[in-house]
Amino acid sequence: MTELEKKEILLVSDFVGVGKVALSAMIPILSTMESKLNYLPTAVVSNNFGYGQAVVKDLTDFMADSRDMWKAHNFTFDLISTGIMLNVDQVKIVKEIIDWHEKKPFIVVDPIMGDGGEVYPGLSKDMVEAYKKMILLSDLVVPNFTELSLLLEEDYPKEASEELMEAWLGKLIAMGAKSAAVTSVHIGDSHYVYGFDQDKKIFRVEYRHIPILMGGTGDVFSSLLIGKLQRGSNLEEAIAYATKILSSIIEKEYDRGIGDWAMEVEVQRYLQDIYKSL
């Protein structure tokens, strides 16, 4: 058995019935990248919110029961990735799972709170504070530019700059972040993913912006990033890979003539491409 086959990944996020977002997007991508997956659903949702109204079933009680059962079975994980979480209690449950490990798992936190300068409806101040606490637990935090502004309690700027990004990443480091990948950074005519690694070296990866609003791209990016990291790449290499593959997928979707808005990434079209890129 290879080291890759031994690694246990726990994905903490929501299951969506209709719409390839959240776990429905992450599972096929990470499975294609030969990851060994486990799941802790935070909610089940009837459909992608892009369709309009949806039914959301909070699974906090199930998460607590799973925590207790897993501890009894002495289940452990090498990497834990968190996405959508509904309340502070869910954050506490994840922390309790982390705490029973003798060897701390690698923790990836995607603080899903907003995009494009807009906060998602219903986001409470308590959840912003909870995500700040998750930064202290994380080995890698993956906010978009909007979420970075929320974590830092900074006003969303009309435009970013190199100086602003270096200052903001410095503040994120001061908050206790060990490493980061900040997506959707627009400076002048260019678009970047900014990052810093465990040595606190700041870098950025430029990508070609495709004028499409598409649901689930953050989930695709996180999956590609995690998949590459667990295969041994360093953070800058993993960000460059995830950015390249996601940009290629969006460009192909654009070339298919889907218009300037899409409900989701049709990830099933691109799994072979992802496998060939490993």
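The values are calculated or read from the model by the stated rules, or taken from the named source; none is laboratory data. These numbers were taken from a predicted model, which means no experiment stands behind them. Neighbour counts run over all protein chains shown; Cβ positions are idealised from the backbone, glycine included. All accessible areas refer to the heavy atoms of the entire protein, side chains included, with ligands and DNA or RNA removed. Shrake-Rupley method; radii C 1.70, N 1.55, O 1.52, S 1.80 Å.
Key figures for this structure:
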{"read-out": "Number of the exception - K92 against (1) over 30 Å from P121 (Cβ atoms); (2) under 21 Å from the mean Cα position of the chain (by Cα); (3) without any contact (Cβ under 8 Å) to a residue 24 or more places away in the chain", "value": "(1)"}
{"read-out": "Number of positions in the range 83-110 that are open to solvent by 70 Å² or more (accessible area, probe 1.4 Å) and either part of a helix (DSSP H, G or I) or among the β-branched types (V, I, T) (or both)", "value": "5"}
{"read-out": "Enumeration of residues in the range 154-174 that are open to solvent by 60 Å² or more (accessible area, probe 1.4 Å) and touching a residue at least 24 places away in the same chain (Cβ under 8 Å)", "value": "Y156, E159, E162, E166"}
{"read-out": "Evaluation of I80 against (1) assigned to a strand (DSSP E or B); (2) in contact with a Ser or Thr (Cβ under 9 Å, 6 or more places away or on another chain) (one fails), failing number", "value": "(2)"}
{"read-out": "Condition broken by I84, with the remaining ones in (1) in contact (Cβ under 8 Å) with a residue 60 or more places away in the chain; (2) in contact with a helix residue (DSSP H, G or I) (Cβ under 8 Å, 6 or more places away or on another chain) satisfied", "value": "(2)"}
{"read-out": "Residue satisfying all of: in the range 142-152; free of Cβ contacts under 8 Å to residues at least 40 places away in the same chain and of a type outside the set (S, T, N, Q); nearest to R204 (Cα to Cα) among these", "value": "L148"}
{"read-out": "Some residue of the range 153-171 being touching a Gly at 6+ places or on another chain (Cβ under 8 Å) and not in a loop (DSSP other than H, G, I, E, B)", "value": "no"}
{"read-out": "Restricting the range 32-69 to residues that are hydroxyl-bearing (S, T, Y) and open to solvent by 60 Å² or more (accessible area, probe 1.4 Å), the residue that is modelled with the lowest pLDDT", "value": "Y51"}
{"read-out": "Tally of residues being open to solvent by 20 Å² or more (accessible area, probe 1.4 Å) and touching a residue at least 40 places away in the same chain (Cβ under 8 Å) across the range 175-192", "value": "6"}
{"read-out": "Residue in the range 15-28 that is open to solvent by 70 Å² or more (accessible area, probe 1.4 Å), in contact with a strand residue (DSSP E or B) (Cβ under 9 Å, 6 or more places away or on another chain), in a helix (DSSP H, G or I) and of a type outside the set (V, I, T) present", "value": "no"}
{"read-out": "Selection from the range 67-84 of residues that are in contact with an Asp or Glu (Cβ under 9 Å, 6 or more places away or on another chain) and not charged (D, E, K, R)", "value": "F75, T76, F77, L79, S81, T82, G83, I84"}
{"read-out": "Helices (runs of 4 or more DSSP H) wholly inside the range 176-278 containing at least 2 residues that are acidic (D, E) and modelled with pLDDT under 95", "value": "235-255"}
{"read-out": "Residues (surrounded by fewer than 22 Cβ atoms within 10 Å (Cβ to Cβ), in contact (Cβ under 8 Å) with a residue 40 or more places away in the chain and among the basic types (K, R)) located in the range 225-246", "value": "R231"}
{"read-out": "Top-ranked residue in the range 193-218 [being of a type in the set (S, T, Y) and either touching a strand residue (DSSP E or B) at 6+ places or on another chain (Cβ under 6 Å) or within 18 Å of S179 (Cα to Cα) (or both); ranked as most open to solvent (accessible area, probe 1.4 Å)]", "value": "Y207"}
{"read-out": "Some residue of the range 111-124 being in a helix (DSSP H, G or I) and not hydroxyl-bearing (S, T, Y)", "value": "no"}
{"read-out": "Residue match in the range 134-148 (condition: more than 16 Å from the chain's Cα centre (by Cα), surrounded by fewer than 20 Cβ atoms within 10 Å (Cβ to Cβ) and either modelled with pLDDT of 95 or more or under 19 Å from L11 (Cα atoms) (or both))", "value": "yes"}
